[in-house]
Amino acid sequence: MAGAAALEAGGRPAYLPAWILLVVGVHFIPLGRLFRIGALAWAGLVLIPVAAAAAVTGAVTGVPPSTVAGVGGGLVCLGCAVACLRGLRASFRPGSPGGAPPREP
């Protein structure tokens, strides 16, 4: 909240999406460890530089930070979702630890 308020007070509301993406990335790291979902922690590690790139791109070019944060963050989150679903699918394969029992012939 303090970062968003500071951006608003400083007249830089266009950088709110980059700030939000940074906060989301920072939160994903411990959540990935807590839930033992490696893809979530990795997504957090990738979202942080994407947020920084969004802010830098907004400062240096005419591209709004929301464009970079939205597209970059969306792709990272999509990749994380695919990785999580693959892991979930693998856990339900017959004979896998904690998965479905092996099929009988």
For the Ala59, Ser91 Cβ pair and Förster radius 35 Å, calculated FRET efficiency rounded to 0.05 is 0.20
If the chain between Met1 and Cys84 were fully stretched, how many nm would it gain, using 0.36 nm times the residue separation less the Cα-Cα distance? 26.9 nm
Exposed trypsin sites (Lys or Arg not before Pro) being those in a DSSP loop with at most 15 other Cβ atoms within 10 Å, the longest stretch of the chain free of them is 37-102
Where the only charges are on Cβ atoms (+1 Lys, Arg; -1 Asp, Glu), what is the dipole of the chain about its Cα centre, to the nearest 20 debye? 380 debye
As an exercise, find the ratio Rg/Rh for the chain from alpha-carbon atoms, using the Kirkwood inverse-distance average for Rh. 1.20
Taking the reciprocal of mean 1/r across every pair of different Cα atoms in the stretch 1-59, the Kirkwood radius in Å is 11.9 Å
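Every number in this text was worked out from the coordinates using simple rules, so none of it is lab data. It should be emphasised that the depicted structure is a prediction, and the values quoted were computed from it without experimental measurement. Don't worry about glycine lacking a Cβ; one is built from the backbone with ideal geometry, like all the others, and counts go over all protein chains shown.
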